[in-house]
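Accompanying notes for the structure given below.
The values are calculated or read from the model by the stated rules, or taken from the named source; none is laboratory data. Please read these numbers as outputs of a predicted model, since none were measured by experiment. All Cβ positions, glycine included, derive from the backbone under ideal geometry; neighbour counts span all protein chains shown.
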Amino acid sequence: MINNILVTGGAGHIGGALCRKLVENENIYVTILDDLSTGSEHKLPGEEFKNFEFIKADINNLESLKNTIFKKEFDYVFHYAAVVGVERTLLDPIKVLNDIQGVKNILDLCKVKKVKRIFFSSSSEVYGEPVTIPQKEDETPLNSKLPYAVVKNLSEAYFRTYKQIYNIDYTIFRFFNTYGPLQSDDFVIAKFIKQSLKGKNLVINGDGSQTRTFCYIDDNIDTQINCMNKDLYINEVLNVGNENEITILDLAKLVLKITSSSAKIIHKDPLKEGDMTRRKPYISKMKKALNRKLLSLEEGIEKVYKFLK
C-alpha cells in the first residue's frame, strides 16, 4: 500500500532533507510544493527516484493550489513552507505575517481530504528570551513578540483549534537550530564553515556570549519520521534539537579548529532584536522518538566541512 505524503517547503533545508529520506521508501509517494523563494531545486531528491513530484507554487496563494494539491489525496502532510532566518524575517515582517494564510490553506486542505495527521514546523523562537532553562514544551511560557515567533505561536493555536472543531490530528515540532551539508549560509554553522574555507574572517554579532544548541539534520529527520511511523506524539508538541549549549564565540573557535583555518574572528554590532541570549531545549520526547544517541557537534561539523570542502 502506497502512502501519499505532501511536503510544503520541500526544497528548503529541513523540508528537502525530509523528502530525500522519505523517497528511500518505495512504498511512499511524495508531492513536494515550494515557491523557491528561499528553497532550491538541488535540495530535492535525485532523479533516480521516481516516487516524487515537484510543484512550484506558493502555499499562501489559494488560487495557485486549486489546480494542484487540492486535486490530490494525501495520507500525511508536513507543512514546512515559511519565511525563515532571523534577519530576513525582521527585514520583511509583512511577508512573515502572510504565512498565516498558508497555515489556513493547508488546514482546510487536510479537513477536506481527511488526512491521517499533519506535521507542522514551529520554532524555538516562540519561547523568546528564556524564562526557564531548559525550555520545556508544556511549561516554558511563549513570550516572543517578534513577527516570526508570533506567527508560529498563532499557527500552533490554529492546529489545536482545527483538532477541536474538525478532529484533525497533528504533531507540532518546535525546531531548534538544525544544521547540515545543504544548509544555506544564512545560518551560522554553514556561514562560519564557508567563511573559513575561503579564508575570510568569521563575523559574530555582539560579543559572542549568546548560546545556542545545534542539532545535526539526520537526528532531526529521523525523529520526524519515527513520529509518523510509530504514531508518536499525536496532538502534542515536541522540541527537536540538541541539549548541549555552546556560545557563538566558542562555536567560531571550534569551526576554525576543525577546518584548520587561519581566519580571524571579528565582532560587529549586535542585532537590534531577535538574537536571544540563550537557547537550550528539553528533549526527553525527542530522545524517546529518536531512540539512539544524537550526533555530537564536533562530528556534525566534520561532516559538513568534508562535504563543503
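Restricting attention to the range 104-133, which residues are in contact with a helix residue (DSSP H, G or I) (Cβ under 7 Å, 6 or more places away or on another chain) and on the phi > 0 side of the Ramachandran plot?
Within the range 104-133, just 128 meets the criteria.
Considering only residues that are among the hydroxyl-bearing types (Ser, Thr, Tyr) and either within 13 Å of residue 84 (Cβ to Cβ) or part of a strand (DSSP E or B) (or both), which ones fall in the range 157-187?
At the first step, the residues of the range 157-187 found to be among the hydroxyl-bearing types (Ser, Thr, Tyr) are 158, 161-162, 166, 170-171, 178-179, 184.
Across the range 157-187, the qualifying residues are 170, 171, 178, 179, 184.
Looking at the range 241-257, which of its residues are of a type outside the set (S, T, N, Q) and either assigned to a loop (DSSP other than H, G, I, E, B) or surrounded by fewer than 17 Cβ atoms within 10 Å (Cβ to Cβ) (or both)?
In the first step, residues of the range 241-257 are kept if they are of a type outside the set (S, T, N, Q); the result is 241, 243, 245-246, 248-257.
Once the filter is applied, which keeps residues that are of a type outside the set (S, T, N, Q) and either assigned to a loop (DSSP other than H, G, I, E, B) or surrounded by fewer than 17 Cβ atoms within 10 Å (Cβ to Cβ) (or both), the range 241-257 yields 241, 243, 245, 246, 250, 253, 254, 257.
In contact with an Asp or Glu (Cβ under 7 Å, 6 or more places away or on another chain) and outside any loop (DSSP other than H, G, I, E, B) - does that describe any residue in the range 124-141?
No, the conditions are met nowhere in the range 124-141.
Which residue out of 49, 54, 70 is farther than 16 Å from residue 117 by Cα, part of a helix (DSSP H, G or I), aromatic (Phe, Trp, Tyr) and in the same structural domain as residue 170 (by TED's automatic domain parsing)?
Values: 49 fails: part of a helix (DSSP H, G or I); 54 fails: part of a helix (DSSP H, G or I).
Exactly one residue qualifies, and that residue is 70.
Which one of these is closer than 20 Å to residue 277 by Cα and either out of contact with any Phe, Trp or Tyr (no Cβ under 8 Å at 6 or more places or on another chain) or of a type outside the set (S, T, N, Q) (or both): 97, 90, 109?
On the way: 97 fails: closer than 20 Å to residue 277 by Cα; 109 fails: closer than 20 Å to residue 277 by Cα.
Residue meeting the stated conditions: 90.
Being more than 18 Å from the chain's Cα centre (by Cα) and surrounded by 18 or more Cβ atoms within 10 Å (Cβ to Cβ) is the filter here; which residues of the range 65-95 pass it?
Listed by number, the residues that qualify are 65, 69, 74, 75.
Scan the range 256-266 for residues that are in contact (Cβ under 8 Å) with a residue 40 or more places away in the chain and either more than 20 Å from residue 294 (Cα to Cα) or touching a strand residue (DSSP E or B) at 6+ places or on another chain (Cβ under 7 Å) (or both) and jot them down. Reasoning before the result, please.
In the first step, residues of the range 256-266 are kept if they are in contact (Cβ under 8 Å) with a residue 40 or more places away in the chain; the result is 256, 258-259, 261-266.
256, 259, 261, 262, 263, 264, 265, 266 - these are the residues of the range 256-266 that are in contact (Cβ under 8 Å) with a residue 40 or more places away in the chain and either more than 20 Å from residue 294 (Cα to Cα) or touching a strand residue (DSSP E or B) at 6+ places or on another chain (Cβ under 7 Å) (or both).
So, in the range 188-209, how many residues would count as being within 15 Å of residue 279 (Cβ to Cβ) and not in a loop (DSSP other than H, G, I, E, B)?
Of the residues in that region, 3 qualify.
Taking into account only those residues within the range 271-294 that are hydrophobic (A, V, I, L, M, F, W, C) and in contact with a strand residue (DSSP E or B) (Cβ under 8 Å, 6 or more places away or on another chain), which is surrounded by the fewest Cβ atoms within 10 Å (Cβ to Cβ)? Give the derivation first.
At the first step, the residues of the range 271-294 found to be hydrophobic (A, V, I, L, M, F, W, C) are 271, 276, 283, 286, 289-290, 294.
Filter again for in contact with a strand residue (DSSP E or B) (Cβ under 8 Å, 6 or more places away or on another chain), leaving 271, 283, 286, 289, 294.
Details: 271: 14, 283: 26, 286: 28, 289: 22, 294: 22.
Once the filter is applied, the top-ranked residue is 271.
Given (1) outside the structural domain of residue 63 (by TED's automatic domain parsing); (2) surrounded by fewer than 23 Cβ atoms within 10 Å (Cβ to Cβ), identify the lone condition not met by residue 193.
Here residue 193 clears every test but (2).
Let's see how each residue does on (1) farther than 25 Å from residue 270 by Cα; (2) at pLDDT 95 or above; (3) assigned to a loop (DSSP other than H, G, I, E, B):
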| site | (1), (2), (3) |
| --- | --- |
| 77 | yes, yes, no |
| 84 | no, no, yes |
| 90 | no, no, no |
| 95 | no, no, no |
| 104 | yes, yes, no |
| 107 | yes, yes, no |
| 111 | yes, no, no |
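Could you give me the residue pairs with C-beta distances under 8 Å whose first residue belongs to the range 232-245 and is closer than 14 Å to residue 175 by Cβ, whose second residue is exposed (fewer than 15 other Cβ atoms within 10 Å of the Cβ) wherever it lies, and which are 6+ apart or on separate chains?
Here the result reads 237/138, each pair linking the range 232-245 to a residue that is exposed (fewer than 15 other Cβ atoms within 10 Å of the Cβ).
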